[in-house]
Amino acid sequence: TIYPNPTTDVLVLKTGGLSNVSFLLSDAEGRTLQKSEIASSKTSIDFSNYASGVYYLTLTQKGKAIKSFSIIKK
């Protein structure tokens with residue numbers, strides 16, 4: 001799960017008990033903004049330096065996309 005969405009500063013990502021998961025954050029044009037392994041069940045992603053708009057967060061496990069989210073940054 002993710003919250004809050006829409007967000008203004010920090011987005012929280014909760015992955016439960018999944019392991020070997022990473023995330024990829026991209027903008028509306030498909031450019032990669034952040035990419036990271038997820039080390040805990042609750043991860044904070046800083047959106048404070050991004051302009052208002054729509055962003056896409058994709059969770060991957062062992063190289064396969066398992067979940068995608070549309071994020072609105074106010």
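Assorted remarks:
- Per-residue extension of 0.36 nm, minus the Cα-Cα distance of residue 32 and residue 8, leaves a gain of 6.7 nm for this segment.
- Dipole magnitude of the chain, debye to nearest 20 (Cβ charges: Lys/Arg +1, Asp/Glu -1, about Cα centre): 240
- Derived scalar couplings ³J(HN,Hα) [the range 22-34; Karplus, 6.51 cos²θ - 1.76 cosθ + 1.60; whole Hz; x for Gly, Pro]: 9, 10, 10, 10, 10, 8, 5, 9, x, 6, 6, 9, 8
- Pairs of lysine residues in the chain - Cα separation under 20 Å, sequence separation of 8 or more or cross-chain: 13
- Percent of beta bridges antiparallel (DSSP, the chain, rounded to nearest 5): 95
- P(r) histogram, all alpha-carbon pairs of the chain included - 10 Å bins from 0, percent: 20, 58, 21, 1
- Pairs of Cα atoms nearer than 8 Å and 6+ residues apart set the relative contact order; for the chain it is 35 percent.
- Residue-by-residue Karplus 3J(HN,Hα) for the range 45-56, coefficients 6.51, -1.76, 1.60, Hz, glycine and proline x: 10, 7, 10, 5, 8, 9, 6, 4, x, 9, 10, 10
The numbers here are math on the coordinates, done by the rules we state, and not lab data. Values in this document were obtained by computation on a predicted structure and should not be read as measured data. Glycine gets a Cβ as well: all are built from the backbone with ideal geometry, and neighbour counts include every protein chain shown.
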